[in-house]
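Take a look at the structure below.
The values are calculated or read from the model by the stated rules, or taken from the named source; none is laboratory data. The structure presented is a predicted model; accordingly, all values stated were derived computationally and were not measured. Every residue, glycine among them, receives a Cβ derived from its backbone with ideal geometry; neighbour counts consider all protein chains shown.
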Amino acid sequence: MPQSQPQPEPRPQQSPAERPGPVSRVDVQLGERSYSVHVGPGARNLLPEVVAVLGARRAAIVTARPPETVPDPGVPSTVIPVRDGERHKTLATVEDLCRRFTAFGITRHDVVVSCGGGTTTDTAGLAAALHHRGVPVIHLPTTLLAQVDASVGGKTAVNLPEGKNLVGAYWQPAAVLCDTTYLETLPAEEWTNGYGEIARCHFIGAGDLRGLAVHEQVTASLRLKASVVSADERDTGRRHILNYGHTLGHALETATGFAVRHGVGVAIGTVFAGRLALALGRITAGRAEEHAQVVRDYGLPGALPADADPAVLITLMRRDKKAAGDGLAFVLDGPHGAELVPGVPEDVVRRVLDGMPRQGGPAKP
């Protein structure tokens, strides 16, 4: 008697479709791996159309949001609830997802749909990359940070106790649907978290996005990232600029047990990058101050936590994927714009860290 196929789990009745609005399209040009990012109110409702184009037979919906916020994909589906947050971005979570995919019968002819913040798109993306050596994935990012950065570009990774994003793979999505109506219910801290990524775009080619509507800020950030990823998919050159502010930012996240959120860490790292570039003679004092001003204008902190230990932060930054044997590496501003600067002496990094303002304390020169 042939083995029966797993049956789809019942899904809650979804809310009425939102009234369609203006949706922008940003294309990531990668040959056979090219895909589109759709930005605007109601973009999520393109899901069944994208699934149909893929020819998927089944869908595994990995969601950190209520299941009814994900449109019916138009094929039999199973809902796998997960939780956003760096503490859940682990290999154990990836294993659990892959086992759930297997139980439902997901193969390369099917699709994984992620719905949630950047940690969910990262974890679901890595699980899709590993399961059957690659299952198509569609991202429905629901936070500002995930929409402007994490869901696009194909980098998927999870954390180890020793550091952030140390285990991962490149796995480009089949599509990204950035429905800006997801942002309407975000708490204040999630807006702050997302604006850290938008602020650093000021120094890597996006121009001044302050004062624009959020739809325009998201679209401009994505156009920049799409152009960079299209030119350098595997981080061998220009794509390094997307890590502006991230080296110290990631170290702060790990050192504080993720009490410092990603976008906040990137904002502090952006201020630090300006100060470090000044210390190395790459930019003027006025340009370094511009880093602090832009971060302030987005309502973000630019000071280190009061108890941050420079020695611990330097140890963590040595583990950064960009670090080389001859010293630390940072993406820094300079005469030719942002670029990767390897071999930065640790004594200079320590001096700049020591001179950074501390939260709750006076600013240092």
Query raised in the report: Is at least one residue of the stretch 226-237 in a helix (DSSP H, G or I), in contact (Cβ under 8 Å) with a residue 60 or more places away in the chain, in the same structural domain as VAL341 (by TED's automatic domain parsing) and not β-branched (Val, Ile, Thr)?
Result: yes
Requested in this report: Restricting attention to the stretch 237-259, report how many residues are surrounded by fewer than 24 Cβ atoms within 10 Å (Cβ to Cβ) and aromatic (Phe, Trp, Tyr).
Outcome: 1
Query raised in the report: For residues in the stretch 184-205 being at pLDDT below 95 and of a type in the set (A, V, I, L, M), which is nearest to the chain's Cα centre (by Cα)?
Result: LEU186
Query raised in the report: When only residues in the stretch 266-292 that are closer than 20 Å to GLU346 by Cβ and not aliphatic (A, V, I, L, M) count, which is surrounded by the fewest Cβ atoms within 10 Å (Cβ to Cβ)?
Result: GLY281
Query raised in the report: Just to be sure, is GLN147 part of a helix (DSSP H, G or I), in contact (Cβ under 8 Å) with a residue 24 or more places away in the chain and not small (Gly, Ala, Ser)?
Result: yes
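Answer yes if at least one residue in the stretch 85-107 is part of a strand (DSSP E or B), within 21 Å of the chain's Cα centre (by Cα) and of a type outside the set (S, T, N, Q), and no otherwise.
No, every residue in the stretch 85-107 fails to be part of a strand (DSSP E or B), within 21 Å of the chain's Cα centre (by Cα) and of a type outside the set (S, T, N, Q).
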Query raised in the report: Only one of these conditions is not met by LEU328: (1) in a helix (DSSP H, G or I); (2) surrounded by 14 or more Cβ atoms within 10 Å (Cβ to Cβ). Which number is it?
Result: (1)
**Report entry** Set ILE241, ILE283: member being in contact with a strand residue (DSSP E or B) (Cβ under 7 Å, 6 or more places away or on another chain) and either assigned to a loop (DSSP other than H, G, I, E, B) or β-branched (Val, Ile, Thr) (or both)
**Finding:** ILE241
Query raised in the report: Could you say whether any residue in the stretch 343-360 is buried (at least 17 other Cβ atoms within 10 Å of the Cβ) and under 23 Å from the mean Cα position of the chain (by Cα)?
Result: no
Query raised in the report: Which one of VAL62, VAL75 is assigned by TED's automatic domain parsing to the domain that holds THR120 and either under 24 Å from the mean Cα position of the chain (by Cα) or touching a residue at least 60 places away in the same chain (Cβ under 8 Å) (or both)?
Result: VAL62
